[in-house]
């Protein structure tokens, strides 16, 4: 299948997450951010469309995914759209080095009780609460942020907005909501988080 965003054409094989309303919401947030000369990391790059958007804004982009097929797909899409991106196969920060000015992540955020269902499609299901991957990300991200750097995390109202904000605060971050979008069965939310310096 193909996904179109502005003048970008993205090929999305069957097993790779097809960009949806959440992708478009994050894309809109990225479009509004100054990225020229910034070091940017996308965690969970999937088809690569968001990393390509960042690269076209003159950021230095690293894109990571736990799925090697996603890395191959995103790399091919970057080449087809003439975007310069470094790709890393990594389970969250396992194989990531260095620090970044912006780290963004559209994670698997939907709750699912059945572990077999979770394993069949890791792009959707974030454990029983929807916060399993989100929690691991928040607990391990800080050493990879430059001073003054920020995180952009997309979740659903089904993930538990209050609980995710509390996870950020417990791990030493200040947060604000960048954007929201109501869709029929949930609300999509983009959270910005910055390390809490104790200064107002």
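Taken together, the values in this text are just the output of simple stated rules run on the coordinates, not laboratory data. On a predicted model such as this, the values are computed, not experimentally measured, just so you know. With ideal geometry, Cβ positions are generated from the backbone for all residues, glycine too; neighbour counts draw on all protein chains shown.
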log10 I(q)/I(0) for segment 37-90, Debye formula on C-alpha points only (no solvent), q = 0.21, 0.28, 0.31 Å⁻¹, two decimals, reads -0.59, -1.04, -1.25
Of 146-159, 19-32, ordering from highest average Cβ density within 10 Å down gives 146-159, 19-32
Taking the chain and counting helices only, DSSP H stretches of n ≥ 4 at -39,500 (n - 2.57) each over all residues, the nearest-500 ellipticity at 222 nm comes to -8000 deg cm²/dmol
Both in Å, the radius of gyration and Dmax of the C-alpha trace of segment 2-195 are 15.4, 43
Ordered by fewest other Cβ atoms within 10 Å, a rough proxy for footprinting exposure, 95, 169 read 95, 169
Here the FRET efficiency for residue 139 versus residue 2, based on Cβ atoms and R0 = 30 Å and rounded to 0.05, is 0.25
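Once fully extended, how much extra length lies between residue 86 and residue 194, figured as 0.36 nm per residue of separation less the alpha-carbon to alpha-carbon distance? Before the final figure, lay out each step's value.
Details: separation 108, 0.36 × 108 = 38.88 nm, distance 2.42 nm.
Answer, rounded to one decimal: 36.5 nm.
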